[in-house]
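Enquirer: Got a structure for you, written out below as structure tokens; questions coming shortly.
No lab work stands behind these numbers, since they all come straight from the coordinates. What you see is a predicted model, and the numbers here were worked out from it, not measured in a lab. Here the Cβ is made from the backbone with ideal geometry for all residues, glycine too, and neighbour counts use every protein chain on show.
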Amino acid sequence: MAESIAFYTIAAFILGFAVLVVTTRDTVHSVLFLVVDFLFVAALYVLLGAQFLAAIQILVYAGGIVVLYLFVVMLVNLKRPPEEYRDPRRRSVLGFGLSAAVLAELGLIAFWSRLNPAPPLAASAAAALPVTGNTEQVGWLLYTSYLIPFEIASMLLLVAMIGAIVLAKREL
Amino acid sequence: MVLSAALFIVGVVGVMIRRNIIIIFMSIELILNAVNINLVAYSSQQQNVVGQVFAVFVIAVAAAEAAVGLGIILAFYRNKETVNIDEMNLMRW
């Protein structure tokens, strides 16, 4: 009971702050609402039993990515608000039509999978693990079954770091 | 699930209605967060940690995407003095 009350409260806060992020005029306010939204998502992770992921969420999102956003917002001064200029050639109708088509496809897939439910998963991987505790479980899986994706992710981060430096440098 | 879908929809609407590219990037972050919530919800429902491992990968990719995207924004702003996506037509033929 208490858990579901907490879940619905956190969910309402997440959605409210997400709407504020999208609708606020001031970009700096938008970034600050984004921080609060990420913190509430971290709270939701704790509620769902993913403490390690909650810590990662706070460290990477609320600590790293948002600071990056704030830097960029402060660097590009928005004297001329971008919402005033409208491109007459903007094809809104076509875009809405395409996204409606994608939505229809997704609905069809959801409907289809409701009719033919997938077979239940095989024996849970977590059950066979020799360790207990959320962080240990995630770390164990990350360094055994998912070692190669882990290395590829680190490679991706390295490439992204170099790419960002090259893009943001004034002259090479 | 409903929360994840609603957050996803807010992100997509944000991508579609705003013209400030920084806010569009923040909407993309919201979308990735919605995906993460979905992964973690299923992982706790099925007592299986694999979903959380995938969420870690999603966070890594989101960080890389944010770094590169903001680098592109900075480089573009230095040339064109704007963050409006309707004026970003360098690659239009």
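Enquirer: Working out 0.36 nm times the residue gap between A:Ala55 and A:Ala100, then minus their Cα-Cα distance, what length gain in nm do you get to one decimal?
Expert: Computed gain between A:Ala55 and A:Ala100 is 12.5 nm.
Enquirer: Roughly how crowded by other chains is peptide A:5-18, in terms of the mean Cβ count from those chains within 10 Å of each of its Cβ atoms?
Expert: Mean shielding by partner chains, rounded to a whole number: 3.
Enquirer: Residue-wise, which Karplus ³J(HN,Hα) couplings in Hz belong to segment A:12-26, taking 6.51 cos²θ - 1.76 cosθ + 1.60, θ = phi - 60°, and x for glycine or proline?
Expert: 4, 5, 4, 5, x, 5, 5, 4, 4, 4, 6, 9, 5, 6, 6
Enquirer: Taking 7 Å along the Cα-to-C-beta vector as the label spot, tell me the A:Arg170-A:Leu158 distance in nanometres, rounded to one decimal.
Expert: Inter-label distance under the simple model: 3.0 nm.
Enquirer: Could you work out the mean count of beta carbons from other protein chains within 10 Å of each residue's beta carbon in A:31-39? Please report the intermediate quantities before stating the final value.
Expert: Numbers: counts 3, 0, 1, 6, 0, 0, 6, 3, 0.
Shielding by partners across A:31-39 averages 2.
Enquirer: While we're here: Got a sec to turn the phi values of segment A:38-54 into Karplus ³J(HN,Hα) couplings, 6.51 cos²θ - 1.76 cosθ + 1.60 with θ = phi - 60°, whole Hz, x for Gly and Pro?
Expert: Each residue's phi maps through the Karplus curve to give 5, 5, 5, 5, 4, 4, 5, 4, 4, 5, 8, x, 10, 5, 4, 5, 5 Hz.
Enquirer: Still on this model: From the P(r) of segment A:1-79, could you give the percentage of C-alpha pairs in the tail past 16 Å?
Expert: The answer is 55 percent, as a whole percent.
Enquirer: Also, I was wondering about something else. Once you place label points 7 Å from the Cα toward the Cβ at A:Phe71 and A:Thr135, how far apart are they in nm?
Expert: 2.7
Enquirer: Which whole number gives the average count of other chain Cβ atoms within 10 Å of the Cβ atoms across peptide B:25-37?
Expert: For peptide B:25-37, the averaged partner shielding equals 5.
Enquirer: Could you order the peptides A:150-158, B:38-46, B:50-58 from most to least packed, using the average number of other C-beta atoms within 10 Å per residue?
Expert: On the way: A:150-158: 13.8, B:38-46: 18.3, B:50-58: 21.3.
My ranking of the peptides, most packed first, is B:50-58, B:38-46, A:150-158.
Enquirer: A further question on this structure: What FRET efficiency would be calculated for the residue pair A:Ser4, A:His29, taking the C-beta separation as r and a Förster radius of 35 Å, to the nearest 0.05?
Expert: According to the calculation, E is roughly 0.65.
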